[in-house]
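Working notes, structure below.
The values are calculated or read from the model by the stated rules, or taken from the named source; none is laboratory data. Everything numeric in this text was worked out from a predicted model, so none of it was measured. Here Cβ is always computed from backbone atoms with ideal geometry, including for glycine, and neighbour counts include all displayed protein chains.
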Amino acid sequence: MGSFRTKVRGPIPAPIVAQKVAAACAAKGVEFLDAPVSGGEPKAIDGTLAIMVGGKADVFEQVQPILAKLGATVTLTGAVGAGNVTKLANQIMVACNIAAMGEALVLATRASLDPEVVFNAVKGGLAGSTVLNAKAPMVIARNFKPGFRIKLHQKDLRNALLAAESMKVALPFTAMAQQILMALMNEGKGDLDHSAIVTFIEGMAGVEVKKPA
């Protein structure tokens, strides 16, 4: 079984399980791909997920039409295990995006601005993102019904930090986001949507993001 490698010498630990499954499949003459997804429940429902695949190129080409029925983008990112590493990178960006959005909206609310107006003002600029468009309206509406739960995102960031530690890569913002998620879990919020990261920041500031009365 070959190891998935980057410019950093040595195997990445995150895809080890995928590599073990691939080896077990190969022993039985079965091909294997790892293919994590991103987009949450809404994109799963409408078939517009982002699918990140690791495995052999020829096997990927065979199944790509099937995966295309489930996702708006289907990308082969490398050998077996690469899909899992790409997913971890995705989860880092999403968590840090939500945390930054939360700080921005808390600041705006403290300054007596309407957070919805601020959201509409910035979403078309450089700060605009899929995360902002999906999560800001939820925060403003105080709707934390889970699309992706805090406890699951905490697990993903923990895996990212373990992988980073094994490669001697510092991920300070990821570590902070993971600690925030852990604190929210300890408050009984593990089953809330990860947009509830904002409630941690609200608690520190004593401000709730909402439209003015």
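Side notes on the structure shown:
- Check on L132, surrounded by fewer than 17 Cβ atoms within 10 Å (Cβ to Cβ) and part of a helix (DSSP H, G or I): no
- Per this entry, G40 is counted among residues that are surrounded by 15 or more Cβ atoms within 10 Å (Cβ to Cβ) and under 30 Å from P146 (Cα atoms).
- When A127, A72, A79 are checked against the criterion of being crowded, with 20+ Cβ neighbours inside 10 Å and under 30 Å from L161 (Cβ atoms), A79 stands alone in meeting it.
- Residue check, V63 in contact (Cβ under 8 Å) with a residue 12 or more places away in the chain and either in the same structural domain as A134 (by TED's automatic domain parsing) or out of contact with any His (no Cβ under 6 Å at 6 or more places or on another chain) (or both): yes
- Subset tally (residues that are closer than 17 Å to G102 by Cβ, of a type in the set (G, A, S) and crowded, with 19+ Cβ neighbours inside 10 Å) for the stretch 144-202: 3
- Flag if L88 is in contact with a strand residue (DSSP E or B) (Cβ under 6 Å, 6 or more places away or on another chain) and not small (G, A, S): no
- Among residues of the stretch 137-180, those that are closer than 22 Å to A104 by Cα and hydroxyl-bearing (S, T, Y), counted: 1
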